[in-house]
Every structure is written in structure tokens, then in C-alpha cells.
Amino acid sequence: METVVNDHVELNIYQRAKSGNRESGDAYFVHSDDDYFICAIADGLGSGPIARQSAEVIPNVIKDHHDESLDELLSRCNEYMIQKRGAAVAIVKIDYKSQVIQYSCVGNVRFYMLQDGEKMIYPLPVMGYLSGKPQKLNTQEYDYHIGDVFFLHSDGIQLPSPKALLKNTSCLTQLSRNVIETINHDDDATFIAGSLLH
């Protein structure tokens, strides 16, 4: 598990390949500067190297264009999926100055956010996957507060009660350990758990 901490966010990042595979068909991206933080998870269709080939398009695109809107980023990623198997993708962007968090996805990469220790935000994902075909995109925006916690994960992780999980853990390390204990390794699994500090 990788830990990232700066003035604004604390993160735990976990990735594990499906049992029997050397490489994961998931990919992730994290970037933070003085104004905003952005992260993404891509779940390539299938598993192994062919799935990885689709998934790793996403970090490569976002790395070069992370200042663009989420819909622009997903459109760019989609263009690179022509002739590839395709991928489910979710992107989260946190603007520190306006204290706004944005989320957009295509496919079954899930996002949860617990506000003020009580209110659960769970935006409904756009079904499908990036494949080069035209996609309906829908960026959703929420205010956030210091201390809010978010959790982004691929479908190799199943959370029976996300709200209870986020509410009943006192720190990111405990949250991450509790999730890791539930992973059955029948699929690639990736998550990014974050806490907003300032």
C-alpha cells in the first residue's frame, strides 16, 4: 500500500492483480499541485496484459492534460480506446480554493464520500465503458469540508455497506486495512482512500 500526504490531502493507494496474474488490468493516477488534486482509476476489460494496455491509457492522458475539465479528460481518454478492448474509468478532482469536489465516470468504478462524518454521497455511475464510441458524460460537483473522507475503487472490491465502513473507521489506515481484508483476489483490485486536510 502506498501513502501520499501533502498540505491538502492524505491518501492510501492499494493495487493487487487477480490471483495467478503477474500484472493488474487496473491502472491509477494521482496528481496534486497548489490549486487542486486529481486522481483516477481505470479498470481495463478482462484481466492481464490486454486489460492493462487499455487501462494505462488513462494515466498517460491525464498526466499531460490534468488542467482540463473532467469531461474533456474522459473524451480524450475515449479517443485513445479505438482498437483497444476498453476500460471503465472514474476521475475525481478537488479544487482547494473553491472547496469543491468533482466526479465523472463511465463504467463500474465506484466513488463514495462521507461528509461531516454523517452524510453519504454516492453518485450513480454512467453505465458502459470507454471504447472509442461516443459517450454520455456527466460531471457531478459537491462542496466538501475539512475532514471529509472519500473512497474510489475498481469492481474487484465489493463493499456491502460503504456508509458503515466509512463512518466506523477512525483513520485512513484502519479503513484501508478493513477493505484489504475483504478482497478475495478473484479480480484485479485497486482503491484510493482519501482524507481532506485543508
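The values are calculated or read from the model by the stated rules, or taken from the named source; none is laboratory data. These numbers come from a predicted model, not from an experiment. Keep in mind that these areas ignore ligands, DNA and RNA; they rest on the heavy atoms of the full protein, side chains included. Shrake-Rupley method; radii C 1.70, N 1.55, O 1.52, S 1.80 Å.
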Study note, to complete from the structure: Summing -39500 (n - 2.57) over every DSSP H run of at least 4 in the chain, dividing by its residue total and rounding to the nearest 500, the 222 nm mean residue ellipticity is -6000 deg cm²/dmol
Revision key, fill the gap. So, for the Cα atoms of the stretch 71-150, Rg and Dmax in Å stand at 14.0, 44
**Study point:** Within straight-line cross-link reach of LYS63, lysines at Cα separation under 18 Å, skipping those fewer than 8 residues along the same chain
**Key:** LYS93
Exercise for review: Could you calculate the contour length gain from MET127 to GLN158, that is, 0.36 nm times the residue separation minus the distance between their Cα atoms, to one decimal place in nm?
Suggested key: 9.4 nm
Exercise for review: Could you check how much of the accessible area of the stretch 50-198 is carbon and sulfur, as a whole percent, using a 1.4 Å probe?
Suggested key: 46
Study note, to complete from the structure: Rounded to one decimal in Å, the inverse mean reciprocal Cα-Cα distance for the stretch 1-102, i.e. its Kirkwood radius, is 14.3
Practice item. With all protein chains present, calculate the accessible area of ASP186 using a 1.4 Å probe and round the result to the nearest 10 Å². Key: 110
Study note, to complete from the structure: The answer for the per residue Cα convex hull volume of the stretch 125-198, in Å³, is 128
Check your understanding: What list of whole percents do you get for P(r) of the chain, with Cα-Cα distances grouped in 5 Å bins up to the one holding the largest distance?
Key -> 1, 8, 18, 21, 22, 16, 10, 4, 0
